Amino acid sequence: MVIGVVRCEEENLVALVPQVASRYIKDEFQVIVESGAGLDSGYSDESYESVGAIVTSRSKVLSKANVVLTGVAISASDLEQLGQDTLLVGKFNGRVKSNQLNLLKSSRAKVVSLDLLPRTTIAQSMDVLSSLASLSGYKAVISAAEEFAGYFPMLTTSAGTIPPARVLVLGAGVAGLQAIATAKRLGAIVEAFDVRTAVKEEVQSLGANFIEVEGSEEDQNAGGYAVEQSEAYVAKQKQLIHDTAVKADIVITTANIPGRVAPKLIEKQTVLDMKNGSVIVDMAAASGGNCDGSVEGEILDIDGVKIIGDSKLYNKMGKQASLLYSSNIYNFLKYILRDGLEELPFESDIVSQTLLKHEPSTVIA
């Protein structure tokens, strides 16, 4: 079987790094790589060749590989080159209706979108979103520190004592928890908010204060994600977040509801009431933003408050992000290809939930 990887034009991410390519080769797969596929992530063509992979053209990878690995996007012309039995693996934002999603579903190839993986124990080693979110949570704090005109830990000098920075993290999922841990390691006072009361102990175990609003709605079937809340709860939530944010030096927002517009947590008036020199990092900017006025890929200055809009902070850590992404894909393929490409375990939710389409006749009842 031939494993192929093509360059991802949208991100500093490659779906296969040399270290993981060597694992496929050890498992007796042939590995072919598009020339330049890893350059943006710090991996040269020579580094792939050194482990036994074959570097070739994009068209040859698409036409010859049984399994093609990529990132977040692929063109119509690329899809036309894939065979009917080819398995295309990426993270295509499968919960959001889009022209690309329609294109992928109409492809003759089998298409897997790893952002649809269920949050189950067996899928933990394949969880692409958690891997990249962890990197993004760390980078959110580092990016905020670079823009913040102050000092994170308390500093005692001969001229006096500088108090520690106050950091507010909104959303205590994987990214939020990593942001909390990183801010604490840098010496900040950290507070965190999440509608899921189940994360309270995790937040407190990292040394942060958990801000709680009573009356939240939770769904055990939401796969660990937040769910939409009642109007009364949202009103209380907004007031508490406002009161806390205006005292903070740095606010990091991570709240996302898959397939929906991100909840608005920081309103314009809150931004205007925040201290001059404060920084907001909006990690949900691409899906509408948790902060009023945030723009994906831009750093804005609103009345002395900087707003960093970046939903893909892991892009700034391309080498490490690619290693984690590659390892997640390897674990996924090792699980679903245990009986070969012709015998995918459709009865498993790992396959049934990530495969964008398959023939009904192939489903095992």
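Need at least 3 residues that are in contact (Cβ under 8 Å) with a residue 24 or more places away in the chain per element, so show me which strands (runs of 3 or more DSSP E) inside segment 269-317 make the cut, counting only ones lying wholly within it. Don't jump to the end; show me each part of the working.
Values: elements: 279-282, 299-302, 305-309.
Strands (runs of 3 or more DSSP E) meeting the threshold: 279-282, 305-309.
Can you tell me which residue within segment 200-219, out of those that are closer than 16 Å to Ile241 by Cβ and in contact with a Leu (Cβ under 8 Å, 6 or more places away or on another chain), is modelled with the highest pLDDT? Write out each step before concluding.
Filtering segment 200-219 for residues closer than 16 Å to Ile241 by Cβ gives 203, 208-216.
When the remaining residues are screened for being in contact with a Leu (Cβ under 8 Å, 6 or more places away or on another chain), the result is 203, 211, 213.
Working: Val203: 97, Ile211: 93, Val213: 80.
If we take residues in segment 200-219 being closer than 16 Å to Ile241 by Cβ and in contact with a Leu (Cβ under 8 Å, 6 or more places away or on another chain), then Val203 is modelled with the highest pLDDT.
Restricting attention to segment 127-141, which residues are open to solvent by less than 60 Å² (accessible area, probe 1.4 Å) and either of a type in the set (Ser, Thr, Tyr) or within 11 Å of Ile250 (Cα to Cα) (or both)? If the condition is that a residue be open to solvent by less than 60 Å² (accessible area, probe 1.4 Å) and either of a type in the set (Ser, Thr, Tyr) or within 11 Å of Ile250 (Cα to Cα) (or both), then Ser130, Ser131, Ser134, Ser136, Ala140, Val141 are the ones that fit.
Given the criteria open to solvent by 20 Å² or more (accessible area, probe 1.4 Å), hydroxyl-bearing (Ser, Thr, Tyr), closer than 24 Å to Lys357 by Cα and under 21 Å from the mean Cα position of the chain (by Cα), does Ser106 qualify?
Numbers: open to solvent by 20 Å² or more (accessible area, probe 1.4 Å): yes; hydroxyl-bearing (Ser, Thr, Tyr): yes; closer than 24 Å to Lys357 by Cα: yes; under 21 Å from the mean Cα position of the chain (by Cα): no.
Judged against the criteria, Ser106 is not a match.
Filtering Glu28, Glu46, Glu34, Glu11 for residues that are open to solvent by 50 Å² or more (accessible area, probe 1.4 Å), of a type outside the set (Phe, Trp, Tyr) and farther than 19 Å from Lys334 by Cβ leaves a single hit, Glu46. Filtering segment 150-205 to residues that are open to solvent by 70 Å² or more (accessible area, probe 1.4 Å), among the hydroxyl-bearing types (Ser, Thr, Tyr) and outside any loop (DSSP other than H, G, I, E, B) leaves Thr156, Thr161, Ser205. Return a yes/no flag: does segment 143-158 have any residue that is more than 26 Å from Leu206 (Cβ to Cβ) and without any contact (Cβ under 8 Å) to a residue 40 or more places away in the chain. Yes, some residue in segment 143-158 is more than 26 Å from Leu206 (Cβ to Cβ) and without any contact (Cβ under 8 Å) to a residue 40 or more places away in the chain.
If you check Tyr330, Tyr335, which single one turns out to be over 19 Å from Asp40 (Cβ atoms) and either open to solvent by 40 Å² or more (accessible area, probe 1.4 Å) or assigned to a loop (DSSP other than H, G, I, E, B) (or both)? Please lay out each step first, then the result.
Working: Tyr330 fails: either open to solvent by 40 Å² or more (accessible area, probe 1.4 Å) or assigned to a loop (DSSP other than H, G, I, E, B) (or both).
Only one candidate passes the filter, namely Tyr335.
Selection within segment 49-67: residues that are among the β-branched types (Val, Ile, Thr) and open to solvent by 20 Å² or more (accessible area, probe 1.4 Å). The member of this set that is nearest to Asp127 (Cα to Cα) is Val51.
Taken over segment 271-284, the criterion of being of a type in the set (S, T, N, Q) and open to solvent by 10 Å² or more (accessible area, probe 1.4 Å) is satisfied by Asn276 alone. Kindly indicate whether any position in segment 96-116 is among the polar types (S, T, N, Q), touching a residue at least 12 places away in the same chain (Cβ under 8 Å) and not in a helix (DSSP H, G or I). Scanning segment 96-116 turns up at least one residue that is among the polar types (S, T, N, Q), touching a residue at least 12 places away in the same chain (Cβ under 8 Å) and not in a helix (DSSP H, G or I).
Inspect all residues belonging to segment 47-59 and state whether any of them is of a type in the set (Phe, Trp, Tyr), assigned to a loop (DSSP other than H, G, I, E, B) and within 14 Å of Ala15 (Cα to Cα). If you could, list the steps in order and put the result at the bottom.
Of the residues in segment 47-59, the ones of a type in the set (Phe, Trp, Tyr) are 48.
Filter again for assigned to a loop (DSSP other than H, G, I, E, B), leaving none.
The answer is no; no qualifying residue exists.
The values are calculated or read from the model by the stated rules, or taken from the named source; none is laboratory data. This one's a predicted model, so the numbers in the text were calculated from it and none came from an experiment. Because the Cβ atoms are built from the backbone with ideal geometry, glycine has one as well, and the counts that use them run over all protein chains shown. Surface accessibility is based on the protein's heavy atoms, side chains included, excluding ligands, DNA and RNA. Shrake-Rupley method; radii C 1.70, N 1.55, O 1.52, S 1.80 Å.
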